[in-house]
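Scroll down for the structure; my scribbles are underneath it.
The values are calculated or read from the model by the stated rules, or taken from the named source; none is laboratory data. All values derive from a computational prediction rather than experimental measurement. Reconstructed Cβ throughout: ideal geometry from the backbone, glycine too, with neighbour counts over all protein chains shown. The area values use the complete protein model at the heavy-atom level, side chains included, leaving out ligands, DNA and RNA. Shrake-Rupley method; radii C 1.70, N 1.55, O 1.52, S 1.80 Å.
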Amino acid sequence: MCGIVGIIGKAEVAPLLVEGLKRLEYRGYDSAGIATLVNGHIERRRAQGKLINLERLLAVQPVAGTIGIGHTRWATHGVPNEVNAHPHATAHAAVVHNGIIENYQELRDELIAAGHQFESDTDTEAVVHLISHYLQQGEAPEAATAKALKRLRGAFALGIIFAGRQDMMIAARQGSPLALGYGDGEMYLGSDALALAPLTQRISYLQDGDWAVLTAEGAQVYDAQGRKVVREIRQTAFSGAMMGKGEHRHFMHKEIYEQPQVIGDTLNTMINPLTRTITLQELPFALEGIERVTIIACGTSYYAGMVARYWMEQLSRLPVEVEIASEFRYRAPTMGANGLAIFISQSGETADTLAALRYCRAQGQKILSLVNVPESTIARESDASLLTVAGPEIGVASTKAFTTQLVVLACLSLAVGKARGQVDHATEARLCTALAGLPARIAEVLAGEGQLRHIAEEVMTARDVLYLGRGTAYPIALEGALKLKEISYIHAEGYAAGELKHGPIALIDEKVPVIVLAPSDALYEKTASNVQEVVARGGRVVFLSDKAGLERLDTRAITVQLPEVDSFVAPILYAIPVQLLAYHIAVAKGTDVDQPRNLAKSVTVE
């Protein structure tokens, strides 16, 4: 999960930039770099690997300057090396960037045709060349940046410095968090306020669409329409808990809002945007030789596995079973040769999942784990591990860990389908494009949080809530019900929408809200028919769909419009509103959102 630090200071900033980056090491990274202005010219130092490598480089090639930007990077559009490390620069500007620029290839081609020469494989380099292009046309840095931002599609956080402008830095946010720090004749920039903790106690947060011009005296913030706006400056404590929450009331809320960035970071480790292909790490077994897949997990991770079963069976035509870890080995199942067992665990320490892994190992299965902690026991005992890039998740109810698990499983499903000759290049390119667009679409959902907060006020008094979905929306219905139970203590159940008439419909009356997840896919009409059955019995329906789906709905319901996306990625997108709905219901009820009763973050006993 990439990190950004920027400083306009009074003394040399290189040591402070490195210290700020160290405070972001918990996010994970594979290269780092800084850029400063020296006599008005941009100087960079970048190194592959850990920050110690950058420090060693700076020891032999020190860099001066009282203004600068720094970055820790997960390998994005290109391998982890010095050339692809941030900051990216021209003679006119230097940029650090978190997120994904969806239309970078289009911009890159245009800029190359205009005479720009690219050095890296990254999407970020298109940003700095685009800004430089406008600077070369005579635009001031502020105008050049404003014009460039209007052309960028995706989710991003940017820090920019300009040659010859010792007094100014520009920041911009769309979907990825960014904080401004106010000092005494100094200004700071950070993707995480924790990075600024030793430097200042006065913090403000940019909102989506904001961009800001920083000088030593302060910051002028502009919204997406270019209007001057004021963002509250808050006095913060230096405790990890307070700083870690940033502008958010709870860790869960902060982690919901981190999803555009961490999903982008995770995608960047698995998708080659130049070729629009999946690039998994090398595995110690051949995917094309797999004859059966068994996915094993607990809780929310189990629901991620359920979504993956739909994906993998449709894309690879492999038989896939999904098992609850705590029940799996007590059946003593016989497992055939050439089987792959996939274990999903956010912590990598889940006791039931680890016990199931050891059972599968004894049964001769190939073992692949999907974890957020690379040093965990499950990772160590696997033949190979695929990592989510979610960063630490403090809230007990999983949010960003769940959606990054889905992202990795989507990429794995594509890779298996391709290896087995079931996915052609056109399909792979289309689905990679859909995945790459997720951070921006999720940012759009987050922008509509107010409506979900209002709906939460209507649902909070219910004793029972039903969630309905078909296909890949069914596991998301289960996940939505689990989230509501976990943090609001309201009884909730998720059902396959077609099962409604086989029992649950008996529960329907005006006191039971029914949350329906219905992207306008091939199953939409059947789900809409189930809604008619609910409404006919006096049920209160909250209907989540895209514009096309809502236009086809011909019955009364509270509606929530979500962005239209490829049905392949719809379950990832639809996870966001059910998280927000559960969160706001819990807040309205006054429960302990981050530490709900009787629950632990990592279940390390059976």
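In table form, for the structure just shown:
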{"quantity": "Sites matching GluC sites (Glu not before Pro) across region 103-134 that sit in DSSP coil, with at most 12 neighbouring C-beta atoms within 10 Å", "calculated": "Glu119"}
{"quantity": "Region 309-417: GluC sites (Glu not before Pro) falling in loop per DSSP and having at most 12 other Cβ within 10 Å", "calculated": "Glu375"}
{"quantity": "For region 3-235, accessible area per residue (1.4 Å probe, heavy atoms of protein chains only), Å²", "calculated": "37"}
{"quantity": "Cleavage-rule hits (trypsin sites (Lys or Arg not before Pro)) in region 521-562: DSSP loop, at most 15 neighbouring Cβ within 10 angstrom", "calculated": "Arg537, Arg556"}
{"quantity": "Reference-scaled alpha-carbon Rg (2.2 N^0.38 Å with N residues) for the chain", "calculated": "0.97"}
{"quantity": "Extension reserve of the Val229-Glu510 stretch, reckoned as 0.36 nm per residue once the Cα distance is removed", "calculated": "96.8 nm"}
{"quantity": "Backbone HN-Hα couplings from phi across region 539-545 [Karplus 6.51/-1.76/1.60, Hz, Gly and Pro as x]", "calculated": "x, 8, 10, 10, 10, 9, 7"}
{"quantity": "Accessible area of region 447-599 divided out per residue, in Å², using a probe of 1.4 angstrom", "calculated": "40"}
{"quantity": "Centre separation in Å (Cα based) which lies between region 405-435 and region 296-336", "calculated": "19"}
{"quantity": "Taking the chain and dividing mean pair separation by its residue count, relative contact order in percent (alpha carbons under 8 Å, at least six apart)", "calculated": "11"}
{"quantity": "Of all accessible heavy-atom area on the chain, the percent that carbon and sulfur account for (1.4 Å)", "calculated": "48"}
{"quantity": "Whole-angstrom gap from region 517-574 to region 1-47, using each part's C-alpha centre", "calculated": "47"}
{"quantity": "Nitroxide proxy distance, nm - points 7 Å out along Cα→Cβ at Arg331 and Glu499", "calculated": "1.5"}
{"quantity": "Expected 222 nm ellipticity per residue - DSSP helices of 4 or more, -39500 (n - 2.57), all of the chain, to 500", "calculated": "-11000 deg cm²/dmol"}
